[in-house]
Amino acid sequence: MNLFKSKYYYKFSQNPLSIFGLVIVIGVIFLAIFAPYITPFPEHVGPFTDFANKSKPPSSTYIFGTDKIGRDIFTRCIYGYRISLTLGIVVLAIAVPIGVTMGLCAGYIGRKTELVLMRITDVFLAIPALVLALSIIGLLDRPNLFYTMIAVSMAWWPWYTRLIYNITRSIKTEGYITAAEIMGASKFHIMFKEILPNCLPSLLTKITLDLGFVILVGSSLSFLGLGAQAPTPDLGTMVAKGASMLPDTWWFSLFPGFAILIVVLGFNLVGDGLKDMFDVDV
Amino acid sequence: MSTAQYFLKRVFVSIIVFFGVSIVIFCLARLIPGDPARIALGPFATKEMVEQLRETLHLNESIFIQYKIFIQQLFQGDLGLSTYTKRPVLTDVITYFPATFELVLMSGTLMILIGMPLGILSGKFKNTFVDHIARIISLLGVVTPSFLWAIILMLLFAFWMPILPVSERMNEMLDPPKLVTGLLLVDSLIEGNFVVFKDAFLHLILPGLAIAMPAIGNVARLTRTNLSDIYEKQYIEFAKSYSFSEYKIATKYALKPASIPTVTIIGLDFAFMLGNAFLVETVFVWPGIAKYGVEVILAKDLNGIIATALIITTFFLIINMLVDFFVLLLNPRITITD
């Protein structure tokens, strides 16, 4: 099957913004993977100093300028994408399976399981995500990237529980589920082989949208000094370092900030495109 | 179900959730690896000091007893001592919460005042130039981190075009009004002090806007979708065929049903805004509970962290409850179906 001729791609490409988003996402992933070969000064990632070139405004050599110890901000932004994307993928790799399993169990098994699981979910949803993540990091030992990932995952899974729960509830009385039950299929089989495939369009759309938002929340945490620690080039940390030096060296903050914006925008546009393509509401 | 029953049920559910939240936060604070007393005191404290703090925090008891003590003290208004400010946490909360409350209310107002009209313009003039501009604004609102909004707004309106103040709640040169509610706008009005009122209002604009931007985008996007759906409904066609004025159709028949989904998610938007307050208050040196929260987190002050998380969540629960009642006013059918 030719992907570009399928009806799915046709629906997706109806909105030029979706294509634009896809270009951004592919571009960012490409930059992150091939960072050592693309960036002009790969050695500036670590604890490198070049005081002769410190705090240089954007120029043709340093297109985003240099920071206060002379490191190229463009290079560090590209490496920052590596951290951001890793964070997004790891967080969702933890949160999605937990949330999906809980949602399937609560929705399909029902009764007490439903009551207990959904009340727990409600409690977690009652704490604003960023506040929950912040508190968890605050309570853990010294902040680092690993703790950030754990904290954001803890705050993120309830959304998947709720999404899958709602879908499961709406399809559990369908004919094919009843048929499987009559044939004696196990609960496990029905949940993961019959119901889950029907959740995939919504799930895929939400994961795409969330990749952007997880990166946003992750960078917010590192902005507050609770994420990856120096000298790791983290976008949120870079914005925070520059924020105290406004307005003179505005490029310290603005370019890493825009770098975050671009990647979130990309995932958001692709997610919106998928929403139209699968005709789902997440 | 009658309205009163619905009301009671909603309040009851909120109280249950509040206890759930207190258990979650309490367990997080106690079950994490490492000794909370050691973390709070740092690596240089002596064994005796750690043991003494463990005693005062009741850390040697079982987790159930600890939770019981925690809840008892909570209802006596005792949240413990802050190891960061060396004051009772309750005093800190009372000092810092009003600033955040005022700021988030400002953001909520901006969210409605900017988000709704933007969405209405978009939905009314769908697929025109106005619509495209409004949609770009709301999309950028959603995808831009609020700390970046804070920095952009600060650069634009405080440094490059110095028309608005950048930090704190009011000008240091002015005398603060007598403390009544802790909300500067209200306190200055009570005193009739319009100079302070204007100053405090100007200080609120930039941080308020930075917090509200993502919510503005959300509200505008949702209003647009709903309004354009409503405009395709038969009763709008009917009203048109009766030659009701465009204005009357828009305000009386289209806007009310279109605003229900928007109002329903306003609670959720407040969750985002309360989270964003942590970022924006830090940038604008806003002396609120969120900035205090960041400080106690960095200082590993257990009581401070628990109190901040609890107060913010309680605030969010109350807002959610109010939003639900408001939705009920807009759409009384809910009581029958739910």
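Readers should treat all values here as calculations from the given coordinates under stated rules, not as data from a laboratory. Source: prediction; values computed, not measured. Here the Cβ positions follow ideal geometry from the backbone for every residue, glycine too, while neighbour counts run over all protein chains shown.
Can you report the principal axis dimensions of chain A using only the alpha carbons, biggest first, rounded to whole angstrom?
Sorted from largest, the Cα extents of chain A read 77, 50, 28 Å.
Stick to the Cα atoms of region A:148-282, pair each with every other, and give me the Kirkwood hydrodynamic radius in Å at one decimal.
Roughly 17.5 Å, rounded to one decimal.
Treating only the Cβ of Lys, Arg, Asp and Glu as charged (+1, +1, -1, -1), what charge dipole size does the protein assembly as shown show about its Cα centre? Round to the nearest 20 debye. Walk me through the numbers before you get to the answer.
Numbers: 46 positive and 42 negative charges, 249 e Å.
The calculation lands at about 1200 debye.
Given the C-alpha atoms of region A:88-160, compute the convex hull and give its volume per residue in Å³.
On the way: hull volume 5.5 nm³, N = 73.
Convex hull of Cα atoms, per residue: 76 Å³.
Quantify how much of the Cα-Cα distance distribution of region B:202-250 extends past 12 Å, in percent.
Considering region B:202-250, 71 percent of its Cα-Cα pairs are separated by more than 12 Å.
Using the structure shown, list the pairs from A:5/A:193; A:68/B:291; A:112/A:206; B:124/B:248; A:112/A:172 with a Cα-Cα distance above 19 Å, or answer none.
Among A:5/A:193; A:68/B:291; A:112/A:206; B:124/B:248; A:112/A:172, the Cα-Cα distance tops 19 Å for A:5/A:193; A:68/B:291; A:112/A:206.
Any lysines with Cα under 29 Å of the residue B:47 Cα? List them, leaving off those in the same chain fewer than 8 positions away.
Hits, sequence-local ones excluded: B:68, B:86, B:300.
Treating the Cα atoms of region A:80-212 as identical point scatterers in vacuum, please give the log10 of the normalised Debye intensity I(q)/I(0) at q = 0.13, 0.16 Å⁻¹, two decimals.
-0.59, -0.83
Going by how many other Cβ atoms sit within 10 Å of their own, how do A:147, A:81, B:247 line up, fewest first?
Ordered from fewest to most neighbouring Cβ atoms within 10 Å, A:147, A:81, B:247 come out as B:247, A:147, A:81.
Tell me the Rg and the Dmax, in Å, that the Cα atoms of region A:1-50 produce.
17.5, 54
Taking every pair of distinct Cα atoms and averaging 1/r, then inverting, what Kirkwood hydrodynamic radius in Å comes out for region A:215-254?
So the Kirkwood estimate lands at 9.9 Å.
Could you work out the pair-distance distribution P(r) of the protein assembly as shown from its alpha-carbon pairs, with 10 angstrom bin width and percents rounded to whole numbers?
3, 14, 24, 27, 20, 9, 2, 0, 0
Rounded to the nearest 20 debye, what is the charge dipole size of chain A about its Cα centre when +1 sits on each Lys and Arg Cβ and -1 on each Asp and Glu Cβ?
Its charge dipole is roughly 260 debye.
Please report, in whole Å, how far the alpha carbons of region B:174-304 spread along each principal axis, starting with the longest.
Result, largest extent first: 63, 40, 22 Å.
Using a 10 Å cut-off on Cβ to Cβ distances, tally the other chain neighbours for every residue of B:136-146 and report the average as a whole number.
Mean partner shielding for this stretch: 5.
Just need the relative contact order of chain B here, percent rounded to a whole number, with Cα pairs under 8 Å and 6+ apart.
About 26 percent, as a whole number.
Provide the FRET efficiency to the nearest 0.05 for the residue A:34-residue A:68 pair, computing r from the beta carbons and using R0 = 22 Å.
FRET efficiency, residue A:34 to residue A:68: 0.20.
Kindly provide the Kirkwood hydrodynamic radius of region A:1-99 in Å, to one decimal, from all pairs of distinct alpha carbon atoms.
Evaluated on region A:1-99, it is 16.2 Å.
How crowded by other chains is B:274-281, given as the mean number of beta carbons from other chains within 10 Å of each beta carbon?
For peptide B:274-281, the averaged partner shielding equals 5.
Taking the alpha-carbon set of region B:250-338, what are its Rg and Dmax in Å?
17.5, 54
By counting other Cβ atoms within 10 Å of each Cβ, how are A:156, A:250 ranked from fewest to most? Each step should come with its number before you reach the end.
On the way: A:156 24, A:250 21.
Lowest to highest Cβ neighbour count: A:250, A:156.
What does the helix-only formula give at 222 nm for chain B: each DSSP H stretch with n ≥ 4 adding -39500 (n - 2.57), the total divided by the residues, and the result rounded to the nearest 500 deg cm²/dmol?
Result for chain B, helices only: -24000 deg cm²/dmol.
What number, in percent, do you get for the relative contact order of region B:161-281 if the mean sequence gap of Cα pairs under 8 Å and at least 6 apart is divided by its residue count?
25 percent
Per-residue mean of other chain beta-carbon atoms within 10 angstrom of the beta-carbon, peptide B:305-312?
Taking the mean over all residues of the peptide, I get 4.
Place the peptides A:160-173, B:166-179, B:224-237 in order of packing, highest mean first, counting for every residue the other Cβ atoms within 10 Å and averaging per peptide.
Packing proxy ranking, top to bottom: A:160-173, B:224-237, B:166-179.
Please give the per residue volume of the convex hull enclosing the alpha carbon atoms of chain B, rounded to a whole number of Å³.
Convex hull of Cα atoms, per residue: 191 Å³.
Relative contact order for chain A: what is it in percent, counting Cα pairs under 8 Å that are at least 6 residues apart?
Relative contact order, chain A: 26 percent.
Note down the magnitude of the dipole of region A:87-215 about its Cα centre, charges +1 on Lys and Arg C-beta and -1 on Asp and Glu C-beta and zero elsewhere, to the nearest 20 debye.
Here region A:87-215 has a charge dipole of around 180 debye.
Just order B:266-277, A:6-17 by mean Cβ neighbour count inside 10 Å, highest at the front, would you?
Going by the mean number of other Cβ atoms within 10 Å, highest first, we get B:266-277, A:6-17.
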